[in-house]
Amino acid sequence: MSSWDLKTKLVQHRARHLYRSVRARLNAQGTTTRYQEQDYVSFCSNNYLGLANHPDLIQALQKGAEDFGVGSASSHLINGHSHAHHELEEALADYTERPRALLFSTGYMANLGVLTALLGKQDVVFSDRLNHASIVDAVQLSGAAVKRYAHAQVEHLMQRMFDVDYQRALIVSDGLFSMDGDLAPLPELVKVAKVQDAWIMIDDAHGMGVVGENGKGTLSHYGMGIDDVPILMGTFGKAFGSFGAFVAGSDELIETLVQFARTYIYTTALPPSIAAASHMSLKIAQKESWRRERLQTLITYFRKCAAQLDLPLMPSNTPIQPLMVGESENAVALSKALLDKGIEVTAIRPPSVPRHSARLRITLSAEHTQAQVDRLLNALEALRSHFPKHDNALL
Ligand SMILES: *Cc1c(COP(=O)(O)O)cnc(C)c1O
């Protein structure tokens, strides 16, 4: 008998309704998804602007592969850094209005790289309780002390800051929260950081492309710049419909990352064709404001109708429109019932969200038609009695 009893753990996981499984989609990412058994109208990807299958991105990727081949074949610092990467970094510096930007292969790696490069045992990190898992892991790996504050509660953050002695402090927060859809209270966070002489890092994986002027993200939405938030991280895998991530900031910050961020140094550079596709998506996302306007129309429409149905909406004005369910078991059952009606919405459960706050994370895309949203609303109406009671007046 092996002491590696994996089976018991898996059985327990399933009994807690936390088991997850993967399905192989047969078509491109879009508002409909095709699987072996059936087609669905889909409301769960992060393809907010509908760029993941955009012909210009496909063309840019093809051209990138023709010019630079498929693999980078080494890390950036050996000789994997191509002109396609270089051009994208320049465009990102422009887009974020910062001196420099640095590419990482994924957002997860960007967060790991930044936080481990900047922080050590002597430092303290103040982290929003609902921050993305990659931030949680990165802070842990950095060895810094972590003080979590209640979601978006600046009063609580201040309390926590008064409670500890520190030399250097970093406040870190998602810009647009991935599972709740609300924005960080950035002006207040910045004020606290200034008073307390702390730095701020914002992970805007979901905000970029979606909110702010020309989709420039959460900072732009609040009119904040590099003097307010010195460390800005963004990704290409969500609204931009591509893949990869970046950090933007001062020359000194970026040089520090080049020298010390291990997830930058010890990994193969992103394929150049992906950098070319991301560059194209950055241009389209900024230029085609109609995608954001369309999204806003759908968000307003969905919220209005869902409120009339007395569905448990959350206070979000973004394409992330979760319906709070509570227990994982119910969330799984509702997701399954929607699938039976031809609608794909994944149940989001712990540890992606806190215990007893499982939800249906509905996401909207600029590509959705109103008929598709109506289909979702009709299905939700039929399942209304399965949602917990709640008070819309709170919103
Ligand atoms: C998705 C996400 C990441 C990770 O980005 P990837 O490029 O998918 O690795 C990091 N932070 C937040 C807030 C995210 O939503």
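The values are calculated or read from the model by the stated rules, or taken from the named source; none is laboratory data. Please read all numbers here as calculations on a predicted model, not as lab measurements. Methodologically, a virtual Cβ is constructed for each residue, glycine included, from the backbone with ideal geometry; neighbour enumeration extends over all protein chains shown. For accessibility, only protein heavy atoms count, side chains too; no ligands or nucleic acids. Shrake-Rupley method; radii C 1.70, N 1.55, O 1.52, S 1.80 Å.
For the range 256-269, the condition of being within 16 Å of the ligand (Cβ to nearest atom), assigned by TED's automatic domain parsing to the domain that holds Val114, assigned to a helix (DSSP H, G or I) and closer than 23 Å to Val70 by Cβ holds for at least one residue.
Hey, could you check the range 180-211 for residues that are assigned to a loop (DSSP other than H, G, I, E, B) and among the hydrophobic types (A, V, I, L, M, F, W, C) and say which is surrounded by the fewest Cβ atoms within 10 Å (Cβ to Cβ)? Once the filter is applied, the top-ranked residue is Ala198.
Which residues, taken from the range 116-141, are within 16 Å of the ligand (Cβ to nearest atom), open to solvent by 50 Å² or more (accessible area, probe 1.4 Å) and either without any contact (Cβ under 8 Å) to a residue 60 or more places away in the chain or not in a helix (DSSP H, G or I) (or both)? Matches in the range 116-141: Arg129, His132, Val136, Asp137, Gln140, Leu141. Taking the numbered list (1) within 12 Å of the ligand (Cβ to nearest atom); (2) open to solvent by 20 Å² or more (accessible area, probe 1.4 Å) in turn, Val247 passes all entries but (2). Annotation note: of Ala15, Ala52, Ala93, the sole residue that is open to solvent by less than 80 Å² (accessible area, probe 1.4 Å), closer than 26 Å to Ala133 by Cβ, more than 16 Å from the ligand (Cβ to nearest atom) and small (Gly, Ala, Ser) is Ala15.
Here's the yes/no breakdown for (1) out of contact with any His (no Cβ under 8 Å at 6 or more places or on another chain); (2) among the basic types (Lys, Arg); (3) open to solvent by less than 40 Å² (accessible area, probe 1.4 Å):
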residue: Leu311; (1), (2), (3): yes, no, yes
residue: Glu327; (1), (2), (3): no, no, no
residue: Ala333; (1), (2), (3): no, no, no
residue: Lys341; (1), (2), (3): yes, yes, no
residue: Pro351; (1), (2), (3): yes, no, no
residue: Leu376; (1), (2), (3): yes, no, yes
residue: Arg384; (1), (2), (3): yes, yes, no
residue: Pro388; (1), (2), (3): yes, no, no
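Restricting Ala144, Ala150 to those that are on the phi < 0 side of the Ramachandran plot, away from the ligand (no atom under 14 Å from the Cβ) and in contact with a Gly (Cβ under 8 Å, 6 or more places away or on another chain) reduces the list to Ala144. Take Thr116 and decide whether it is among the hydroxyl-bearing types (Ser, Thr, Tyr) and either touching a strand residue (DSSP E or B) at 6+ places or on another chain (Cβ under 6 Å) or on the phi > 0 side of the Ramachandran plot (or both). No; evaluated as a whole, the condition is false for this residue. Against the criterion of being open to solvent by 10 Å² or more (accessible area, probe 1.4 Å), over 20 Å from Leu112 (Cβ atoms) and within 16 Å of the ligand (Cβ to nearest atom), Gly241 qualifies.
Of the set (1) within 11 Å of the ligand (Cβ to nearest atom); (2) touching a strand residue (DSSP E or B) at 6+ places or on another chain (Cβ under 6 Å); (3) within 17 Å of Gly237 (Cβ to Cβ), all apply to Ala101 but (1).
Is the range 221-235 home to any residue that is open to solvent by 30 Å² or more (accessible area, probe 1.4 Å), outside the structural domain of Glu367 (by TED's automatic domain parsing) and not in a loop (DSSP other than H, G, I, E, B)? Yes, some residue in the range 221-235 is open to solvent by 30 Å² or more (accessible area, probe 1.4 Å), outside the structural domain of Glu367 (by TED's automatic domain parsing) and not in a loop (DSSP other than H, G, I, E, B).
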